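Down below is the structure, laid out as C-alpha cells.
The values are calculated or read from the model by the stated rules, or taken from the named source; none is laboratory data. Note that the structure is predicted; figures quoted are calculated from it, not measured. No Cβ is skipped: glycine too gets one built from the backbone with ideal geometry, and neighbour counts run over all protein chains shown. Accessible surface areas use protein heavy atoms only, side chains included; no ligands, DNA or RNA. Shrake-Rupley method; radii C 1.70, N 1.55, O 1.52, S 1.80 Å.
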Amino acid sequence: MKKKRIAIITDSIREGGGPAGYVYNLRKGLNLITEKLNIKVKFSGINMKYYPSHFVFFFWRFLYRGFNFIKRWLMIVFSDVCVFQGYQQSKYIKLAKRLKKLCIYQPHSPSIKADEDKMNYELQGSKIPHDIYCNLKNNEKELFDSSDIVVFPSDNAGLAYYSEWKSIINSKKVFYLKSGTIVRKSNHSLNLRSKFPGKTIIAFIGRFVTHKGFDIFCEAAKKLKTSDEIQFVCAGSGPLQNLLESSNIYNLGFISDVGSLLENVDMVIIPNRITYYDLLPIECAAYGKPLIFSNVGGNISQNKDMPDSLLFSSEDINDLCATIKKTVEIRNENKLWGSKNRLAYENLFTEKKMAERWLKAFHLAIESSNESIIYVE
C-alpha cells in the first residue's frame, strides 16, 4: 500500500513556544514512533539556530527563506495532506486547495492574529494602522476558508476563533487534539531554596504584559506581602516591569533554562486574561508542580486534566489571594501535592503522546469520517 504523504508547514521550527515550538515537539515525538502506519511525514520551516553574529544569522536566514519557499511549494505539490501550523500567508493553503490537497489548519494564538498585533501595538503606545489590521484579519479568514479540517487543542482554546468566524468553522470538520511537549532539562541550579529557606516559593513565568496577567500576579503578591511563609518570584521581561519596583517579588529576569526555575519553586500561577493552550503549564506538570489557573480559554481544559491544580476567577485579585492561601495549606499538609500532575504529563502530554494523537488524526482525516467534531484521544 502506498504511503500517504503528509506535509507539516510552518514558518520556523525551534525549541520553545508558539507554532515553532509546537512543531519542534511534534517532530521529536514522531521520531520516537517507529511504526507510522503507511504515513510519511515531512516538515517545512526554518530550523532556527544561534549564530556568532547578527550578520551571519540574517544572511543565512535570507538565503534559507528563499530555499524554504521552494521547499514549501514542492512539499505542497507532492503531498496528499497539508497541515498548516500557525498563522502564515494564505497563498500556500490556497495553492494546496487548488491542487485538491486535504488541508488542515491549526491556529496557535489566544486571539485572532489581527487582535494580537493590535494589542502589541498598544503595548508600544501606538495604534495599529487600519489597513494592516484588515489585511491580517482577511488573511486569517482565508486560512479558515481554505481548510477542510480545523484543529484546536481543546474546545475552550478556540473560543476567540469561534467568536469571529463561527459559521466558517462550523462548516468544517474540527479535531480537538491535546498538545504535548518535551521536558527541557535543567542545566544549572538557581539555589532559590537556600535564598528563601522555609518559604513556599510561588512563580510567574512569561512576558510581563496585561494579557498574561502579570499585573494581576503583582497585585496579589502586594496583598500577601505580610505573609511570612510565601515568597513570590518571577522570570521574564516586558513593558510592565516597572510594577516590580515597589513589590516583594524576586525578579530573575529572562531565563532560557525554565527547568532550573521549576526545580526551585513550589507552585506556578497562570493568571492570563486571555489564553490559548500554553505549553508552560505542561512543562510545570512534567516537573510535578501544582498550578493555579485563571478560568479562561485553554486553562479550563488543562485544569481538568491536571488533578493537582486550582482555578480562580480571572482578574479577581481577592479570589486569587484566597486560592494562593488554599494551595499553601494543601502543600503544607501534603508535600506530594503536584505529583498527580506529573502522572498526567506522562499519560497525556509527552511529545510522543501528542505525536500518537496526530497519527490517529491523519488516519481519521484520510478516511473521511462523517463526524463533524472529533476529540482525538
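For the reader, a short list of remarks on this structure follows.
- Candidates in the stretch 1-41 are the residues that are of a type in the set (G, A, S) and in a loop (DSSP other than H, G, I, E, B); of these, the one that is most open to solvent (accessible area, probe 1.4 Å) is G17.
- The stretch 86-105, subset open to solvent by less than 50 Å² (accessible area, probe 1.4 Å) and touching a Leu at 6+ places or on another chain (Cβ under 8 Å), residue nearest to D155 (Cα to Cα): Y105
- The residue that is nearest to I230 (Cα to Cα), among those in the stretch 303-323 that are open to solvent by 50 Å² or more (accessible area, probe 1.4 Å) and under 19 Å from the mean Cα position of the chain (by Cα), is L311.
- Residues of the stretch 200-212 satisfying the condition of being in a strand (DSSP E or B) and among the aromatic types (F, W, Y): F204
- Residue, farthest from the chain's Cα centre (by Cα), within the stretch 201-226, restricted to residues that are farther than 18 Å from G18 by Cα and open to solvent by 30 Å² or more (accessible area, probe 1.4 Å): T226
- Per the conditions (1) β-branched (V, I, T); (2) farther than 27 Å from Y287 by Cα; (3) outside any helix (DSSP H, G or I), the sole criterion not satisfied by V183 is (2).
- Selection from the stretch 109-123 of residues that are open to solvent by less than 30 Å² (accessible area, probe 1.4 Å) and part of a loop (DSSP other than H, G, I, E, B): S109, S111, I112
- Here the helices (runs of 4 or more DSSP H) wholly within the stretch 213-322 that include at least 2 residues being on the phi < 0 side of the Ramachandran plot and aromatic (F, W, Y) are 214-223.
- Within the stretch 271-282, residues that are open to solvent by 30 Å² or more (accessible area, probe 1.4 Å) have Cβ atoms under 7 Å from residues that are modelled with pLDDT under 95 and of a type in the set (D, E, K, R) in these pairs: R273/E315, counting only partners at least 6 apart in sequence or on another chain.
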